[in-house]
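S.K.: The structure's right below; bear with me while I get my questions together.
Each reported figure results from applying straightforward, stated rules to the coordinates on display, with no laboratory input. Just so you know, these numbers come straight off a predicted model, no measurement behind them.
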Amino acid sequence: MSEQFGIEFPIFAFSHCRDVVAAVSKAGGMGVLGALSFTPDELELELKWLDEHVEGRPYGVDVVMPASYEGSGLDVDSPADLFAALQRMIPEGHRTFVENLLAKHGVRSASAEGDAGRYPLGWTDATGRPQVEVALRHPIALLANALGPPPADVVEQAHRQGVAMAALASSPRHADKQVNAGVDIIVAQGTEAGGHTGVVSTMVVVPEIVDAVAPRPVLAAGALPMPLQFMLISDALRRVSTAAAADLAAMPVGQIVGAMNKVKPARDVIFEMVAEYLETLERLGRISAS
C-alpha cells in the first residue's frame, strides 16, 4: 500500500477533523476525512482546505452508503424528509431522559443556547451520493465506504478517475462481497471498535479476512457511531461542552480508549507507531536467531 499510494507508512487515519487528516498525510501516512456529518457544500469547503494544506500528499474521503438498513423503505423524497423521519423514530422517553439529565447538572436548555447540534447526515445511498460527487471533484487517492459493498456505479466512477476503493468488513463472508464488488482495499473491523459490525475480535477476524481476500491488502479498523444515538445526543453534547459540565462529557470510542492517557500531536502518534513496529521486528528477529 505504501508503494500504491506513494506514502511512507501504511498507516491510515480515518477522522472527521481535517487538521488530523492533513497532519497524518504530512507525517507519511494517509489521512481519510469522514464525510458523514458534512453537507455537500460543507464537504466542498473541507476538501478545498485539505487540497491547500496536505502539501501534495495523498488523502482520502470516507462515506457511508449501506447496502441495506433499517428504514430503507421509508417514503422520503429528500435528505430533509429522511432527517424528519429518523427524528420520529427516537422514543420520546429517550429525549425526556436526556433533558432531565442535563437539567440535573445545570445545563441550560436548547432554546437558551441558540443553534441546534450537528447530526450525521450521510447514512443512506441518497445522502451519500452527493458527498461522493463532491469528493471525486478533488484529487483524492482513496474513497472508502462503510456498511456493505459500495454501489457498482460508484466503484466504476472512482476507478475511472484513478481513485482506489476501500470498504468495511467484519467477516470473511463480508470481505468476499466487497471483493466481488470491485473493492481494492478491505478494512477489517473487530468488535472492539464498538461492536457495530459483529462480535468477532480483531485478533481473530483480521487474519481470517487476510487469508480470505489475499492478495488484496487489508487494513485493521477503528470505530463507527450509530445514527440515532447521535441524533438524540448531538445537541446535548454541544450544550454540555458550552456549560463545561465535565461529569457529562462523553464521546463514543472503541476499547482503545483505555490506552489514551495523554494528548499528542497526530504526527507524534504516527512516528511512535512506526518506532514500535520496528522495535517489534527487531525483538522477533532476536527470538528467531536464538
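S.K.: Residue by residue through the range 10-26, which ³J(HN,Hα) values in whole Hz follow from phi under the Karplus form 6.51 cos²θ - 1.76 cosθ + 1.60 (θ = phi - 60°), with glycine and proline marked x?
M.R.: x, 10, 10, 10, 8, 8, 8, 9, 5, 5, 5, 4, 5, 5, 5, 4, 5
S.K.: Would you please report the Å³ per residue occupied by the convex hull of the alpha carbon atoms in the range 1-46?
M.R.: 73
S.K.: Next question, about the same structure. Taking the Cα atoms of the range 144-194 alone, what are Rg (to one decimal) and Dmax (as a whole number) in Å?
M.R.: 10.9, 35
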